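The values are calculated or read from the model by the stated rules, or taken from the named source; none is laboratory data. Here the structure is a predicted model, which means the values were calculated and not measured. Cβ: placed from backbone, ideal geometry, glycine included. Neighbour counts: every protein chain shown.
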């Protein structure tokens, strides 16, 4: 979500985390995850080579053919907040089978080969005081947005299906339905509480963006076009526990909106792969919301790197100078991330329905094939484009699920740390 209101956020899960046995187990997990990742990529390559016939030399026809087999999974669409502001959250007043005032409806998503997306259950930052203790309604409002997303999914159940794991995702897409995941866009939505995180997970939320445009009790934000003064210097002690608890639960750690220090510390701390649900490349357009090259280089499958996926944002202010945001400029961001982090680590997170303007050529969800056609012209292979469409993200999510299972098998228990500035407990 790209808001107009830009507001100016430890104990380990397992005892003895630094002893030799646990270090050995951690390294074994990393090796196993790397092997499984390579096997997944090998499977994907094999699957692609079994596609019948050669691709058309026409880039657009080739793009449509690829997306017919490997549809787009978008990391961030803000349809629920559009319904909040435009319909006062009255789900029954919204018919996605007809044209909508936003960027998504069912006819357009079919044209665009959209096979799944994260419904952002975003609510904006609120002035909760220097120590984040002034009561707000953000937990309540977040629950309302979860309810709106689920209501819309159920109301259009012949098209959408709530999806909470990768096995279901594959099944839903194979049956021609649209996989519908939930993502919460900022730790401010948790009310400083790890218990809220667990309840969000139980309600189906599968990623948590550590911050939005404001700092919170867990971590520092990058702001939007300018960065606020740091509060924690990255993660707070409670934020470190938050990431450990997300790893245990199997919730994706989303680093969009976070400060550079927050992102670096989260990458180093997380045992599971990470994601940026809707972020672009700072070297292409220099704003704090975009990811710098030094952080992109931390992502990969080599020794010392962390698997992850950076899902490119279409919001014009994060793409290019005023008036210069186009499909080609978005492709430049995709290309750059592919060159620095690797083409196995890039995806798409449009921010549709959360942005007031759009890049020329990417006006709504029907336009994804045009972006893929442009990348095809630039030499992206069928395998590269299938990964960009969703394969790279699925690999990352599977890695998060594996780490969660491993931690639970090893006896990890829920963290009940309390924010140290609370006085009611």
Margin query: With in contact with a strand residue (DSSP E or B) (Cβ under 7 Å, 6 or more places away or on another chain), in a helix (DSSP H, G or I) and surrounded by 20 or more Cβ atoms within 10 Å (Cβ to Cβ) as the only criterion, which of 407, 388, 375, 371 stands out?
Written below: 388
Notebook entry, point to check: Looking at residue 197, is it surrounded by fewer than 22 Cβ atoms within 10 Å (Cβ to Cβ), under 22 Å from residue 248 (Cα atoms) and in contact with a helix residue (DSSP H, G or I) (Cβ under 6 Å, 6 or more places away or on another chain)?
Noted result: no
Check: When residues of region 54-83 are filtered for being in a helix (DSSP H, G or I), over 21 Å from the mean Cα position of the chain (by Cα) and over 27 Å from residue 274 (Cβ atoms), how many remain?
Finding: 9
Checklist line | Within region 156-176, tally of residues that are in a helix (DSSP H, G or I) and surrounded by fewer than 16 Cβ atoms within 10 Å (Cβ to Cβ) | finding: 5
Next item on the list: Return the only residue of 78, 128 being surrounded by 20 or more Cβ atoms within 10 Å (Cβ to Cβ), out of contact with any strand residue (DSSP E or B) (no Cβ under 8 Å at 6 or more places or on another chain) and modelled with pLDDT of 95 or more.
Entry: 128
Item checked: Enumeration of residues in region 410-423 that are over 23 Å from residue 217 (Cβ atoms) and loosely packed, with under 12 Cβ neighbours inside 10 Å -> 411
Note to self: Filter region 332-368 down to the residues that are under 18 Å from residue 103 (Cβ atoms) and either part of a helix (DSSP H, G or I) or modelled with pLDDT under 95 (or both) and list them by number.
What the structure shows: 365, 366, 367, 368
